[in-house]
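Peer 1: This is the structure I have questions about; it appears just below.
All of the numbers you see were taken from the coordinates with simple rules; none came from a lab. On a predicted model such as this, the values are computed, not experimentally measured, just so you know. Cβ atoms come from the backbone with ideal geometry, glycine included; neighbour counts cover every protein chain shown.
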Amino acid sequence: MSKKSRARQQLAQATAADTAPAAHAPRGSWKWLGLLALGVVVGGGAYLLLNPGGPRGPRPPGMVWIPGGTFTMGTKDANPHFFDARPEHDVEIDGFWMDETEVTNAQFEEFVKATGYVTVAEQKPTKEQIMANLQPGVPPPPDDKLVPASLVFRQPDDPIPWADEMNWWEWLPGANWRHPEGPGSGIADRMNHPVVHVCWKDADAYCKWAGKRLPTEAEWERAARGGLVGKTYAWGDELPGDGGTWRCNIWQGPSPKINTKADGHVRTAPVKSYPPNGYGLYDVAGNVWEWCSDWYAPDYYLNAPLKNPQGPAGSFDPRVRENENPYAPKRVMRGGSFLCSDGFCSRYKPYGRGQGDDDTGQSHVGFRCAKDAK
Ligand SMILES: [Ca+2]
């Protein structure tokens, strides 16, 4: 046999060996492997049929799956605080991932270190920014008022008129996410607290950096309800402090002067200080308000799409103060904050709605991210 024909013979033997079942493989193993593969395909299909709102893909770190489906959004609650949360209406939502906690100072610091991002509250505002939120014809603020600042809750010492909430809010120069109560305050001992003084634009920038996005308002409410139907709170119908165990960080005592701190915290609490809801989400009631992607309009529920609503095309807030522009850009925020209570602002219930200027930070506003199922 020539070298050439021997080589051809070896090649033929090698090819036969490659295509034949391995000598040690038991008879019929290919049949079993085929059946196994078929089982995976059929099983996966059955899973998708039986769990149309079920998770897709691996779980992103720190996120939980919010199943798709139809839920009842809004409320029949006659409390005037919920004038914009009526009527109740059924909404269909696709499943999505959601951060199990509010974004913490530690997480936000990671973002700032990686990108050099400077929040809006840390920047000197322009006259144009200020004027965009005011009625035409209102005189501009003096130049010396154009300094980096944010809104800080100030607990008053004396009784004050309730009618004007600006009596207990201060536009404080130097207040920002690193200094929640202004110069002299810090976050070194609050790294696991939710970041605050982030405006909507800051929250949006963080989400994009993290490969995520802000939840829509409908997604947020679907998530906050935790799979419960027709319940008053994110955990059910029990009052927040029933049985002596507090279920969220809100206000106890005559607001805004006296806070008895029965739940353990006067301002923000570390995330995961209270039990999660049915979907495994922490602090969807109280602690800090959370930005959503939607523009705010009080009458949106009257004509909102019934599947995956994204919010109105622009914002409108008729309840503005004198000289303020009702069409100034405002976004929805949800969940209430450590300042909420049933006697004052009960909007920490899962259907309660809030709104804020998209370029303004506050000491009780933060956010959490969502992520598409891909
Ligand atoms: Ca509290």
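Peer 1: Report, ordered by chain and residue number, the aspartates and glutamates lying within cross-link reach of K76, taken as a straight Cα distance under 14 Å and ignoring same-chain residues fewer than 8 apart.
Peer 2: Within the straight-line cut-off, K76 pairs with D84, E88, D90.
Peer 1: Right, here's the next one. Quick one: which residues, 5 or more positions from G354 or on another chain, have an amide H under 5 Å from its amide H? H modelled 1.01 Å from N in the peptide plane, none for Pro or chain starts.
Peer 2: Residues meeting the amide H criterion: M333.
Peer 1: Continuing with this model, one more query. Taking the beta-carbon count within 10 Å as an exposure proxy, list K349, K257, K374 from fewest neighbours to most.
Peer 2: K374, K257, K349
Peer 1: Counting other beta carbons within 10 Å of each Cβ, put R247, R321 in order, fewest first.
Peer 2: Listing R247, R321 from fewest to most nearby Cβ atoms yields R321, R247.
Peer 1: Right, next: Calculate the length of the line joining the C-alpha centroid of the range 318-338 to that of the range 60-122, in whole Å.
Peer 2: Taking the Cα centre of each part, the range 318-338 and the range 60-122 sit 18 Å apart.
Peer 1: Identify the GluC sites (Glu not before Pro) of the range 282-334 meeting these criteria: DSSP loop state and at most 12 other C-beta atoms within 10 Å of the C-beta.
Peer 2: E322
Peer 1: Can you sort C207, C292 so the residue with the fewest Cβ neighbours within 10 Å comes first?
Peer 2: C207, C292
Peer 1: Can you work out the Karplus-derived ³J(HN,Hα) for every residue in the range 143-155? Use 6.51 cos²θ - 1.76 cosθ + 1.60 with θ = phi - 60°, whole Hz, and x for glycine or proline.
Peer 2: 4, 6, 8, 7, 10, x, 7, 8, 8, 10, 5, 10, 6
Peer 1: Please give the FRET efficiency for E238 paired with D144, using the beta carbon to beta carbon distance and R0 = 56 Å, rounded to the nearest 0.05.
Peer 2: After rounding to 0.05, the efficiency reads 0.65.
Peer 1: Rounded to the nearest 0.05, what FRET efficiency do I130 and R319 have when you use their Cβ-Cβ distance and R0 = 30 Å?
Peer 2: 0.90
Peer 1: Could I ask something else about it? State which entries of K261/K330; K208/K374; K231/K349; K212/K374 exceed 21 angstrom in Cα-Cα distance in the structure shown.
Peer 2: Long pairs (Cα-Cα over 21 Å): K261/K330.
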